[in-house]
Number of protein chains: 6
Amino acid sequence: MKHCHLKKKIKYDGSQLKPFWALEELNIKGPSIVTWIGPMNIKKEKIVDYEDKGREIKGGEMAHFIIEHFDSQPGNIKLCYHRQRMLIMILKEELLKMGIKTRREGDDLYINDSKLTVSIATASISSMKIHLGINLSSEGTPENIKTIGLKECNLDNKDIKKLIKNVAEKYIEEIRKIEEDITKTKTM
Amino acid sequence: MKHCHLKKKIKYDGSQLKPFWALEELNIKGPSIVTWIGPMNIKKEKIVDYEDKGREIKGGEMAHFIIEHFDSQPGNIKLCYHRQRMLIMILKEELLKMGIKTRREGDDLYINDSKLTVSIATASISSMKIHLGINLSSEGTPENIKTIGLKECNLDNKDIKKLIKNVAEKYIEEIRKIEEDITKTKTM
Amino acid sequence: MKHCHLKKKIKYDGSQLKPFWALEELNIKGPSIVTWIGPMNIKKEKIVDYEDKGREIKGGEMAHFIIEHFDSQPGNIKLCYHRQRMLIMILKEELLKMGIKTRREGDDLYINDSKLTVSIATASISSMKIHLGINLSSEGTPENIKTIGLKECNLDNKDIKKLIKNVAEKYIEEIRKIEEDITKTKTM
Amino acid sequence: MKHCHLKKKIKYDGSQLKPFWALEELNIKGPSIVTWIGPMNIKKEKIVDYEDKGREIKGGEMAHFIIEHFDSQPGNIKLCYHRQRMLIMILKEELLKMGIKTRREGDDLYINDSKLTVSIATASISSMKIHLGINLSSEGTPENIKTIGLKECNLDNKDIKKLIKNVAEKYIEEIRKIEEDITKTKTM
Amino acid sequence: MKHCHLKKKIKYDGSQLKPFWALEELNIKGPSIVTWIGPMNIKKEKIVDYEDKGREIKGGEMAHFIIEHFDSQPGNIKLCYHRQRMLIMILKEELLKMGIKTRREGDDLYINDSKLTVSIATASISSMKIHLGINLSSEGTPENIKTIGLKECNLDNKDIKKLIKNVAEKYIEEIRKIEEDITKTKTM
Amino acid sequence: MKHCHLKKKIKYDGSQLKPFWALEELNIKGPSIVTWIGPMNIKKEKIVDYEDKGREIKGGEMAHFIIEHFDSQPGNIKLCYHRQRMLIMILKEELLKMGIKTRREGDDLYINDSKLTVSIATASISSMKIHLGINLSSEGTPENIKTIGLKECNLDNKDIKKLIKNVAEKYIEEIRKIEEDITKTKTM
């Protein structure tokens, strides 16, 4: 599993959740974490959470993670949601190391009452995918939700890049370690 | 999924990892978290981690969690290891709320350089099981490993019971929430 | 798993077989049986049985069951067809209790030589779905097939509502009991 | 899938539930229904239903069905319990054709308040197995349970053989038909 | 599993990879190998190998195999790729029997440096499918690839028909034998 | 996946088919091919092919391959048998390159009418395993079977080591290539 950080400011519009997006658009083959910084505005027809239908899901500047796994054929959405939770908890751990305390509710992180992240997991017959978006600024986020961004927590661009790198690497290491654990555990 | 805290000081010897232990010994049917406080001394033939063969795995007083899931038939050890990681991260979150900062390496929690926990996940054709043991005291732990217990972090019996209850409830809620997420996510 | 009987006379046109229909249209989350009384006329492009292509599948007044299960990710069509058979056999049992003797051939019920029901099972990456339609009257059914309706067997509206309720409840109980059986059976 | 009726009066003692019993003992390869008439007395250590532990499970003269399926690798106990229900419902249908009305509760058939059958489903990494035993006489059954046998319903040996044959053939046909249904159903 | 050789010279354009093509177009139900001789020109939107996007995939006269399996629900692309490899190796074995020595690289056969075959495997929620095309002539193949056809190896129409028949029959026999092996192997 | 050739002349007695044998005995973690040259004499209770029960399975000097895969949890015997066939076909390809023509019947290779190999595949909840043994000499093989060894085909020790290395490497490459193919194939 490889991590690839894009320099380009792509807008996250939900199309990046499609299976094989990394292969088709970026020529990245196999399991991967693709990250970049950019705005978000999800097209209505691309919303995959039925409870979000009709809502605005957007942000002006966010750090995006798109993860794709191929180790379950067909993709297993239950396993994928467990991985999403692990990703969120790893982000929480890394933020704490940088002095930022967050509260987790399911797959959302909050600072006090302000929402810091959006996330979704999905699966297709081909692969499992996760999107995680972290607000860098509360500008451009929906008006009816109290939000906060990492820049408002005094992280600068360099800190944010380091955070992205650390979260991606810890996640890859966690998945690798679980694979290893499986090959050394007696089953019953 | 239900949580059942035992008042009896059972010794954890590895036999509790067997499928249907909760049903056979405690008459608890279905998915469950069984918790109790007691010593640990794992019989050699009950060690399921091949890298632990020949090691002593023991403790004088520990908080034990035994989790059993039936939602994958046959049991899926990969899914089970993801749940184990979630359990450890939830414990870490709850300890932090009580003012105790820990460091996580895979499925182990440390306070500074001292090991606080032991944990294993396994699967059988019938179910998936997790054991988590948290040292309450470093007494009775193996001499060649630096360990620490929660009592040495100034948690008293009441705090520990609260911690056990909170971790169990958060875990159950997390699993329930993931099930719910699955029923509202469009797959591709 | 919940049962929800709709008062509205919806036309069954095959679109109700889509995954998440109950969530999107009725805001019912999780596994469910949705029932109602209404006509049927399946759009050609919605026919999922390849052998029915080109046939008319319709009825003037029918009792409809739409069942959705999420307990296999991805949906398992083999399991789903077994559940469909169980549903048909439960319907047969309940009809017999009301004095109506039927003959079963696969997933069809007949009274003498007249067809009483239509049914299909399907699966998607997200869920498993079953449709069962029971003729209340033979009016509006295809002319080239001999059909019969429950009203022609002297059941009145009250009886039919009771039948729908009983079949839904027995099915839910059967699925629940199987889940329970799994958690108490030693595997080998 | 083949049906093989044994002339020998084997005692059912639970060992017949082992995977590959038909191959090892009878040289029957592949999916099969093996039937015979004989007594039952299940060894304590062979009881696979944890709730039956400590109970006597026995009968003087019974019709036995042992079914083995290999179409899920590893065996899927959930699918197997659905097939067990189908088997019981087919038995109920065939008894009714012979004029014997029964009541079903889960996997048990009753005549009035008297228990007619015992049944269990199980799975191993290799296969899925079902046992169904039908009392021919209430003699030799446990004293603390009200039981009834088919001979007490005025079925003679010839009727019983016919019943066994019909149930086995209907079950095989049902499984075959489901396989066929799968290959002609559009999934979504 | 049945083999059906078509007399009609169908053009392979990728649409034959769709699940249920054999049922919809040819009324062939269940697992099958359909073979025919005809040209190939895959529509851009029908290319399923992402690395082939933008390439021309065509041939003037080829022997085509379309295989569909239903024994994994949902379809398992990993299993399907293993079957594709087996198919290619069986073709290689049969060609050798006819005196034609080939070299295999993954799922491609070469004679010296000239490409003899194209092949792809895919899966859907319904079934698993394989296409194998063997050049009969190098005419009509892409200009930028060195190709060869069986007629250029001195096989005549009769030889080619025999080859098609033998490969299909050996493949069916191999799958049947594996099924049989499963039912007689102790698992651990 | 790694290949490890042992210098020690271990006797293959069937115990090497146990899950985690490579980890327990050789400290090799993860998917692996372990090869060595040594005799074979399978203990009766270690025979996993029910049709081989009662037969002698032995050889004086053989090249052994033990393969273990962890990429299906639990192990899938169907997938494993497909891999076994691929292994045999790769051996056949490599032998041909060395000028030795063999005939394949299922999982056996023959030279004329003499048996060259024995092989079995199996699965457990933990992993999938394959054993392949190639006779180097016909000495020590069962008397009632016509056998042949590679040394009788004029391969010397150096050739045999090269063959073992090539077969192991080709197999590893084939598995790797299939994994890669999966991550670039559109499913339907």
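Observations, loosely collected:
- Residues of region F:89-98 that are more than 9 Å from every other protein chain (Cβ to nearest Cβ) and surrounded by fewer than 24 Cβ atoms within 10 Å (Cβ to Cβ): F:Glu94, F:Leu95, F:Lys97, F:Met98.
- Boolean, B:Asn76 is over 27 Å from F:Pro74 (Cα atoms) and either without any contact (Cβ under 8 Å) to a residue 12 or more places away in the chain or within 14 Å of chain A (Cβ to nearest Cβ) (or both): no
- For A:Ser127, the test of being open to solvent by less than 20 Å² (accessible area, probe 1.4 Å), polar (S, T, N, Q) and at pLDDT 95 or above is failed.
- Scope region A:112-126; condition polar (S, T, N, Q), at the interface with another protein chain (Cβ under 7 Å from one of its Cβ atoms) and in a loop (DSSP other than H, G, I, E, B); matching residues: A:Ser124, A:Ser126
- Being on the phi > 0 side of the Ramachandran plot and more than 13 Å from chain B (Cβ to nearest Cβ) is a property that A:Asn135 lacks.
- All conditions but one from (1) crowded, with 22+ Cβ neighbours inside 10 Å; (2) more than 15 Å from the chain's Cα centre (by Cα); (3) among the hydroxyl-bearing types (Ser, Thr, Tyr) apply to A:Tyr171; the one that does not is (2).
- Options A:Asp13, A:Asp49; residue that is within 14 Å of chain B (Cβ to nearest Cβ) and open to solvent by 10 Å² or more (accessible area, probe 1.4 Å): A:Asp49
- Only one of the listed residues (C:Trp36, C:Trp21) is touching a Leu at 6+ places or on another chain (Cβ under 6 Å) and in contact (Cβ under 8 Å) with a residue 12 or more places away in the chain. That residue is C:Trp36.
- Exactly one residue out of A:Thr141, A:Thr122 is surrounded by 22 or more Cβ atoms within 10 Å (Cβ to Cβ) and under 18 Å from A:Ile77 (Cα atoms), and it is A:Thr122.
One line per residue, one yes/no per condition, for (1) without any contact (Cβ under 8 Å) to a residue 24 or more places away in the chain; (2) part of a helix (DSSP H, G or I); (3) in contact with a Phe, Trp or Tyr (Cβ under 9 Å, 6 or more places away or on another chain); (4) open to solvent by less than 70 Å² (accessible area, probe 1.4 Å):
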site: B:Ile160; (1), (2), (3), (4): no, yes, no, yes
site: B:Asn166; (1), (2), (3), (4): no, yes, no, yes
site: B:Arg176; (1), (2), (3), (4): no, yes, no, no
site: B:Thr187; (1), (2), (3), (4): yes, no, no, yes
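- When the residues of region F:148-158 are filtered to those that are farther than 17 Å from F:Lys7 by Cβ and not aliphatic (A, V, I, L, M), the one that is most open to solvent (accessible area, probe 1.4 Å) is F:Asn154.
- If you go through region D:54-86 and pick out every residue that is among the basic types (Lys, Arg), open to solvent by 10 Å² or more (accessible area, probe 1.4 Å) and within 15 Å of the chain's Cα centre (by Cα), you end up with 1.
- As a summary of the residue check, F:Gly140 satisfies the conditions (1) within 9 Å of chain E (Cβ to nearest Cβ); (2) touching a residue at least 24 places away in the same chain (Cβ under 8 Å) except for the one numbered (1).
Residues checked against (1) at pLDDT 95 or above; (2) within 14 Å of chain E (Cβ to nearest Cβ):
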{"position": "F:Gly149", "(1), (2)": "yes, no"}
{"position": "F:Leu155", "(1), (2)": "yes, no"}
{"position": "F:Lys158", "(1), (2)": "yes, no"}
{"position": "F:Lys162", "(1), (2)": "yes, no"}
{"position": "F:Asn166", "(1), (2)": "yes, yes"}
{"position": "F:Glu174", "(1), (2)": "yes, yes"}
{"position": "F:Lys184", "(1), (2)": "no, yes"}
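- F:Asp113 meets the conditions (1) touching an Asp or Glu at 6+ places or on another chain (Cβ under 9 Å); (2) touching a residue at least 12 places away in the same chain (Cβ under 8 Å); (3) among the charged types (D, E, K, R) in every case but one. The failed one is (1).
- Subset of region B:128-168 [under 19 Å from the mean Cα position of the chain (by Cα) and of a type in the set (Asp, Glu)]: B:Asp159
- Identity of the residue in region C:18-44, open to solvent by less than 10 Å² (accessible area, probe 1.4 Å) and over 22 Å from C:Glu173 (Cα atoms), that ends up nearest to the other protein chains (Cβ to nearest Cβ): C:Phe20
- Selection status of B:Lys7, open to solvent by 10 Å² or more (accessible area, probe 1.4 Å) and touching a helix residue (DSSP H, G or I) at 6+ places or on another chain (Cβ under 9 Å): no
- B:His64 vs. criteria away from every other protein chain (no Cβ under 11 Å) and either touching a Leu at 6+ places or on another chain (Cβ under 8 Å) or closer than 30 Å to D:Val48 by Cβ (or both): yes
- Filter pass, F:Asp52 being among the acidic types (Asp, Glu) and free of Cβ contacts under 8 Å to residues at least 12 places away in the same chain: yes
- The set of residues in region A:99-111 being within 9 Å of another protein chain (Cβ to nearest Cβ) and open to solvent by less than 30 Å² (accessible area, probe 1.4 Å) consists of A:Gly106, A:Asp107.
- Within region B:20-40, being closer than 13 Å to B:His131 by Cβ and not polar (S, T, N, Q) holds for B:Trp21, B:Ala22, B:Ile33, B:Val34, B:Trp36, B:Gly38, B:Met40.
The values are calculated or read from the model by the stated rules, or taken from the named source; none is laboratory data. Keep in mind it's a predicted model, so treat the numbers as computed, not measured. Backbone-built Cβ (ideal geometry, glycine too); neighbour counts: all protein chains shown. For the accessible areas, the whole protein counts, side chains as well, though only heavy atoms, and no ligand, DNA or RNA atoms are used. Shrake-Rupley method; radii C 1.70, N 1.55, O 1.52, S 1.80 Å.
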